[in-house]
Structures are given as structure tokens and as C-alpha cells.
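Structure first, commentary second.
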Amino acid sequence: MVQKPPPFDEMIAPDGSIRPAYAAYHAWFSEQDPARLAKKSTDAEAFFRRVGITFNVYGESEAQERLIPFDLVPRILSAREWARLAKGIEQRVSAINAFLHDIYNRQEILRAGRLPERLIAENEAFLPQMLGFTPPGRVYTHIVGTDIVRTGENDFYVLEDNARTPSGVSYMLEDRETMLQMFPELFSRVRVQQVSDYPKSLRRSLAACAPESCTGKPTIAVLTPGIHNSAYFEHSFLADQMGAELVEGHDLKVIDGHIAMRTTQGYKVIDVLYRRVDDNFLDPLTFNPESMLGVPGIMDVYRAGNITIANAPGTGIADDKAIYSYMPDIVEFYSGEKAILKNVDTFRCGEPEALKYVLDNLKELVVKEVHGSGGYGMLVGPAASKAELETFTAKLKANPGNYIAQPTLALSTVPILVDKGLAPRHVDLRPFALASPRGIDIVPGGLTRVALKEGSLVVNSSQGGGTKDTWVLED
Amino acid sequence: MLGKTAGGLYWMFRYLERAENIARLVEAGFRMALTRSSISASEWESVLTTSGVLNAFNARYDKWTAKDVIDFMLRDPSNVSSVLTIVKNARDNARLVRTALTGEVWEAVNDNWMTLNQLLAKPVREAELPEVLNTIRQHSALVRGALHGTMLRNDIYYFSRMGTFIERADNTARILDVKYYTLLPHSSFVGSNLDNVQWETILRSVSAHRSYRWLGEDDMTAPGIARYLILDRRLPRSLAFCADQTVKNLDLLGEEYGDQRPCYELASQIRARLRNRTIEEIFDEGLHEYISRFIGMNNALGAQIETDYRFNG
């Protein structure tokens, strides 16, 4: 077998030299006393606990609040690298919004034969209730968290589009806050573009999507499933930072054709609802009748144009893993340009030839459920045991349409701090884009997730991943 | 403000106050147990009754021993009134209303929960008890300090304060309710040594044993102590003080909202029963009846506030 080249190390070039983006940081790092850094690492953990930046893991008792481990070596991108990424994300997010509008209205992309109809018709994320309706400002996905991986100097791939309810932005902000507290001197030496405006931009962007029925200053609220949800910290954090109310379904009710929240002084109308509740739970009258998390009747209010729901219901059709493989076509169809960001080769296991290839090469591939997320229900071929491979073979044969497969990418590495100094670990990147009629706004940086285990490619926090502060250098 | 948020604030501060009061009760009980072993079992019974968990305790243990009562009151997760349960409730409410709290208040509450979780992870040994009880009170003080020092004086603050005072009034009244017989003038203990011990325990349970003497009320008499805990508007844990503060906060809230709700009337009635009264009149009415009536009215006031400000619907 041919020896694979080592993965791309973002800090250290093959000749041992430090890449330019990391030069200033590395110079600072080599002056630091390792014991002090180790202590800072412990401090950071205490800080996260005290502030309550924790998440709950499903299936564990609520007392088991966990920290997402934070690594204090930043992930650094040059202004030039970022500019290109940002352009690619902007192009993709615009295309996704155009695609969603098209799918729920004229369906030109289907008529043009660029996308098989069954992918839409048979898709659970497709909501017939959205047909013929245009959300306020024509925006479907207001907040997008595109997952990007890197395999080489100029090789960036989009792994997932996360167009429904991407999470993690609070970690991006708190990671930076932590770094600023721990190493203020570092930031006077290295000029880093700031991320702290995100909540303000989010507020502005959501306000710009307020329905026409709203004449004054829009009232914005964040809808959370409640304090036991794994991302509750983020929900409260964003509401707090935006100065918006944090509401649960039982705080809301339909009054005179509007959604209103129960306040100490009666009901008050909400114009924009940033919901962190899945489509299926949003309205028990329209979707899952058992849902206690949503608001009965909200879909009627929505269709009457009296509230903005961000992200729009039915948006999930765009970040479905089966649709993913068509994204380059989708981008081209709506923008008239080649996609700037690459897609990972994807085998749609529903297609017999693809299935055969996948089964023959399972050990080299990553297999994912079409509707899965969070790293659950996924097979990483090269790391899988014989038994796991067999289980997946059976699953694939039983329900091939439920899976896609992709080659295992050699994800780039960034060093983390370990007992012996620095050691490379695989990373991905989730930048956050905000879409409104004012345009698309992307925070410089995003959330870098890192697989803390040596050699591991799984960066999900639920599976032992950590986070890093992500720096985009000033020009 | 969301009704739910008002409710979360109110309950968060009720729980914080309750945790602190339980620490005081346990402390007074422990002291009694150390100094008067002969009556300590019945003292522990009073502690459990005051906290409303006597039945729950009896269902699990057959004797009121210091070790078991302390463990039950401080760290038993099955006890709805254990410090650990209450501190967790307070913190859950704080998470619920986190957007209404300053970072400092939230961190103080979260830190309180983390510290006590660790401190109460295993049974508390006798030697550590004073330290543990002290920590509980200290952390309460930290939360209070953060509240006073960093929070805006608006509805958020008023609901927080109301929770504190309604809970505190309930607590002082419960102590009086359980021990009222030791304060009756015709009590068979009158003038006995036992009386003094009981009275001191009552004062200790509300951290007023020192101030009582300091105010020159050195005659330890039943009416003197009853008057102090019920009517003295200088004592921050007296019923009169709590009633004053509740009305004051409802007043400020009414000013902010531009109207008064039915709970205001009820709070004023409670206050009126504590003003321009002498302890003799209260004894004439019947101390026990008076206290029971107060507890009932105070509970009704809490419920009325919840309704008036739409905590739950």
C-alpha cells in the first residue's frame, strides 16, 4: 500500500519552519513558561465552570453538566485565507436561500432537471406547509454554520451546510473572551480581527427580517426548549447578549393573529422569533401533536405574515446530506458561477453503483446517515472494528437510501497543548453567517473544533472533541 | 418582563433564603445538642417540624439523632428541604432567568451550587459542621452582595426582594409556630432554666441572640422575645420588617408599572396587623392563633403575587 502523506499541519511546514500566519504567535509561545501555560489551562476550565459554559449530554442525568474542553493554542488564519473562505461562504449561503425559495415556489431547479424530484418529495425535511409562501425579507436561513475542513494550503471543503439551527457560536465568543482574559499581552502583539460584535449583528440582522406588520422597533425573542436542553447555555447567552427575551413555548400564545409572550404586565407581541426548537416541535397543530415545546397555531400566524421565524421552517431541506452532494450544481444554478468552496466527493448509497463501491471500500470511507447529526450514527471506516464494519454493511444493504459515504479526508491539524508541549490534532471550522435583506454578514473566524485524541477525526463535542479560539489576522 | 422570569427570580430568592435559614436552624439545633444533650432529641424534632419534613424524616429513620437529622437536612437528595436540594432549585431558577441577572449574581449562585455540591458530597463530620454551615451562610451573603451591588433597581430587583422577604417571614413565623408554647406567659417552664435555653435557641435560629442583648433587652422574657421577633421593625428577620419590605417593593413595582394589583392590598393588611400593635394585644388574641393566621396570610400573599404578575399563566 502506498504511504499516505501526513496531514496538513497548519502551524508547521514540512521543512520544520513556522507558517507565516503562526509566526508571531509561535514567537510568543516559545517565550512562555510551560508551567504557567499549564496553570492557565486549569484556570480556563475553572472560568468555564463558574460562568456555566456547559452542556448536557443526552441520556445523562442533569447533574452531569459537561464542559467542552478548551485548548488554549489558537487556530490562526491569515486575512487572505479568510477573505477567500468568506467569499465562498457568502456565495453558498446566498445560493441556499435562493434554492429554498425556489423549492417552495416555482421549483425551477427541478424543472431544469438539475435535481431529482424524489430527493425533495421523499424528504422528511421538506415541509409542504411552506409551499407558495415567502418568508419576510425572502430569507429562509438567517443563521448558517457551515462546517469546513481543510486538507492543504488552499484546499477547503464544505462538509455540512447546517442551515437549520446551527449551534456553537457562544463557544466562539466565550473562547475569545477567555483568551483575552488569560493572555491580554498576546493580543497587543498579534492583531486579531474581533468577533465580539456577533450578538449585535445577529440582532440587527434579525430585526431587518421583521415582518411588514411590524412598524416600530421589532421585538425579538429567542425560543428555547428549556433549561434541560443541551444547548441551553447558548440560548440564554445569545438572548442575553442581544437584549432579547428568552422564551419557552408555554410563555407564548396566539393573540389576535400575533404571537405574544406572557409578561408581568400582560401579553406583548413578538415580531421575530429566533427559535432553537426543531421544525417538528414548533407547532403541535401542524407538526408533532405531542410537542410541548412549541406554540399551537404559530404556523398560521407565520403564513399570515405576522411573525418571522428564524430560521424558517422547512430550511432543513437544504442541509440534508443527500442534497449536499448536489450543492455545487445548486450554487451554479442560482449564482451562475462555479462554487468557490469545494464539496467532498459523496456517494449516494441509494444508487446501486455507488452502493457497490461503498460496500467494497467500506474500510476507507466515512458513512453517514442522511438525516443524522452530531456525529451519531456514523461510521469512520479506517477507525472501525471488524464488527462495526459488519454492522454497517448490514445497515447499508437494508436501507441504502438512508446513507451517504465520503472518502476519509486527511483533515488538517493544529497543535494543542499537552503535557510535553505542542502536539498536532485534527480540526474543522464552523464560521457563522447571518443573512438578511441587508446582505450576508460573516464573523471573521468561527468555531474551531478539535479532536483531542491523537489521530482521531471526530471533532464533535459529544464524542470527545474540544474547541479552540479561531483567529483571523488583520491585514 | 416575562411572567416566567418574574417567577424564576422570586423563587430563586425564596430558595436562597430558605437554604440560609435551614443552616441557621441546624446550627441552633446543633448548639442545643452540644450543650443540653437531655433535650436534644426534641430539639431535632422541632427543626424537622419547622422545616415541614418531620414525616419524611420519620419515614426513613426511627430516632431523631444529630447525625441523621443533620445529614437529612443538609444533603439528602430525597428531602425537598435539604440544603443541597434547595441550592440546586435556586440555581435551576437562576439558569432559567439568567438573562435577567448580572454576570456577578449568576456566578455567585452558580459558585454557591458548585461549592456546596462538593462540600456536601459526603456526610459531614461533626468537626466540620460549623465550617460547612458557615460556608452556606457566606455564599448566601455573596449572592446578596452581588444583587445589591450590581443589579438595576427595577422590576427584576423588586421580584427578587419579594421572594426573599416572603420566604423569610414564613421562616420566622414557622419557628415561632413550633416554639410558641415556650413563649406563653402561663407556660409551666416560666422562669426556669429550660426557658432560657429555649428562648436562646429561638433567637439563634434567626441570628438575633446577640442583637437582642445589644439592644438592651436583657430581660429574657417571653413577651420580650415574642415582641422582638414579631413586631420589632429594626430586626431584619422579624415579621414586621419582612412585611414592611414586601409592601415597599410592591410599592416600587407599582410605581414602575403604573398600577397596583390585588396583592398590594393583601400585603398592606398583613403589615397593618403588625403595626401599632402591642405584644400584649397579640397574647390576648392568642399567640398561636396569631402566628397561624400570619402564616396563612403570608402564603396567600405569595399566591396572589404569582397570579397578579402571571408567573405561571
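The values are calculated or read from the model by the stated rules, or taken from the named source; none is laboratory data. Bear in mind the structure is a predicted one, so any value in this text is a computation, not a measurement. Methodologically, a virtual Cβ is constructed for each residue, glycine included, from the backbone with ideal geometry; neighbour enumeration extends over all protein chains shown. Keep in mind that these areas ignore ligands, DNA and RNA; they rest on the heavy atoms of the full protein, side chains included. Shrake-Rupley method; radii C 1.70, N 1.55, O 1.52, S 1.80 Å.
Considering only the range A:127-169, state which residues are part of a helix (DSSP H, G or I) and either under 23 Å from A:Arg204 (Cα atoms) or within 21 Å of the chain's Cα centre (by Cα) (or both).
Residues satisfying the conditions are A:Pro136, A:Gly137, A:Arg138, A:Val169.
If we scan the range B:8-28, do we find a residue that is within 14 Å of another protein chain (Cβ to nearest Cβ) and small (Gly, Ala, Ser)?
yes
With B:Thr102, B:Thr135 as the choices, which residue is surrounded by fewer than 16 Cβ atoms within 10 Å (Cβ to Cβ), over 25 Å from B:Ala243 (Cα atoms) and hydroxyl-bearing (Ser, Thr, Tyr)?
B:Thr102
Taking B:Ser81 as meeting all but one of (1) away from chain A (no Cβ under 14 Å); (2) outside any helix (DSSP H, G or I); (3) open to solvent by 40 Å² or more (accessible area, probe 1.4 Å), write down the number of the exception.
(3)
Failed condition for B:Tyr61, given (1) within 14 Å of chain A (Cβ to nearest Cβ); (2) over 20 Å from the mean Cα position of the chain (by Cα), with all others met?
Only one criterion in (1) within 14 Å of chain A (Cβ to nearest Cβ); (2) over 20 Å from the mean Cα position of the chain (by Cα) is unmet by B:Tyr61, namely (1).
May I ask you to list the residues in the range B:141-181 that are in contact with an Asp or Glu (Cβ under 9 Å, 6 or more places away or on another chain), among the hydroxyl-bearing types (Ser, Thr, Tyr) and buried (at least 21 other Cβ atoms within 10 Å of the Cβ)?
Hits for the range B:141-181 are B:Tyr158, B:Thr164.
Just one of (1) within 30 Å of A:Met172 (Cα to Cα); (2) in contact with a His (Cβ under 8 Å, 6 or more places away or on another chain) trips up A:Val269, so point out which.
(1)
Being in contact with a Leu (Cβ under 7 Å, 6 or more places away or on another chain), surrounded by fewer than 16 Cβ atoms within 10 Å (Cβ to Cβ) and free of Cβ contacts under 8 Å to residues at least 24 places away in the same chain is the requirement here; does A:Glu117 meet it?
Details: in contact with a Leu (Cβ under 7 Å, 6 or more places away or on another chain): yes; surrounded by fewer than 16 Cβ atoms within 10 Å (Cβ to Cβ): yes; free of Cβ contacts under 8 Å to residues at least 24 places away in the same chain: yes.
When the stated conditions are applied, A:Glu117 passes them.
Tell me whether the range B:138-149 contains one or more residues that are closer than 28 Å to B:Met1 by Cα and within 12 Å of chain A (Cβ to nearest Cβ).
Within the range B:138-149, none of the residues are closer than 28 Å to B:Met1 by Cα and within 12 Å of chain A (Cβ to nearest Cβ).
If you go through the range A:420-438 one residue at a time, do you hit one that is part of a loop (DSSP other than H, G, I, E, B), open to solvent by less than 30 Å² (accessible area, probe 1.4 Å) and not hydrophobic (A, V, I, L, M, F, W, C)?
Yes - at least one qualifying residue is present in the range A:420-438.
So A:Glu124 ticks every box in (1) over 23 Å from the mean Cα position of the chain (by Cα); (2) in a loop (DSSP other than H, G, I, E, B) but one. Which box is left unticked?
Of (1) over 23 Å from the mean Cα position of the chain (by Cα); (2) in a loop (DSSP other than H, G, I, E, B), only one is false for A:Glu124: (1).
Filter the range A:278-315 for residues that are surrounded by fewer than 21 Cβ atoms within 10 Å (Cβ to Cβ) and of a type in the set (Gly, Ala, Ser); which is nearest to the other protein chains (Cβ to nearest Cβ)?
A:Gly297
With farther than 28 Å from A:Leu246 by Cα and not hydroxyl-bearing (Ser, Thr, Tyr) as the only criterion, which of B:Arg125, B:Arg91, B:Arg98 stands out?
Checking each option against the conditions leaves just B:Arg125.
If you go through the range A:382-411, how many residues are in a helix (DSSP H, G or I) and open to solvent by 50 Å² or more (accessible area, probe 1.4 Å)?
Keep residues of the range A:382-411 that are in a helix (DSSP H, G or I), which gives A:382-383, A:386-398, A:400-402.
Next, only the ones that are open to solvent by 50 Å² or more (accessible area, probe 1.4 Å) stay: A:382-383, A:386-388, A:390-391, A:394-395, A:397-398, A:401.
Count: 12.
If A:Met378 passes every condition in (1) under 19 Å from the mean Cα position of the chain (by Cα); (2) open to solvent by less than 50 Å² (accessible area, probe 1.4 Å) but one, which one does it miss?
Single failed check for A:Met378: (2).
Go through (1) modelled with pLDDT under 95; (2) open to solvent by 20 Å² or more (accessible area, probe 1.4 Å); (3) under 24 Å from A:Thr315 (Cα atoms) for A:Glu454 and report which single condition fails.
In the conditions (1) modelled with pLDDT under 95; (2) open to solvent by 20 Å² or more (accessible area, probe 1.4 Å); (3) under 24 Å from A:Thr315 (Cα atoms), A:Glu454 misses (3) alone.
Restricting to strands (runs of 3 or more DSSP E) lying wholly in the range A:170-277: which have 3 or more residues that are within 14 Å of chain B (Cβ to nearest Cβ) and open to solvent by less than 10 Å² (accessible area, probe 1.4 Å)?
Details: elements: A:220-223, A:245-247, A:252-255, A:258-263, A:266-269, A:272-275.
Hits in the range A:170-277: A:220-223, A:258-263.
Residue by residue through the range A:30-50, note down the ones that are within 14 Å of chain B (Cβ to nearest Cβ) and touching a Leu at 6+ places or on another chain (Cβ under 9 Å).
A:Glu45, A:Phe48, A:Arg49 - these are the residues of the range A:30-50 that are within 14 Å of chain B (Cβ to nearest Cβ) and touching a Leu at 6+ places or on another chain (Cβ under 9 Å).
Looking at the range A:342-363, can you tell me whether even one residue there is free of Cβ contacts under 8 Å to residues at least 60 places away in the same chain, in contact with a strand residue (DSSP E or B) (Cβ under 7 Å, 6 or more places away or on another chain), of a type outside the set (A, V, I, L, M, F, W, C) and not in a strand (DSSP E or B)?
Yes, the range A:342-363 contains a residue that is free of Cβ contacts under 8 Å to residues at least 60 places away in the same chain, in contact with a strand residue (DSSP E or B) (Cβ under 7 Å, 6 or more places away or on another chain), of a type outside the set (A, V, I, L, M, F, W, C) and not in a strand (DSSP E or B).
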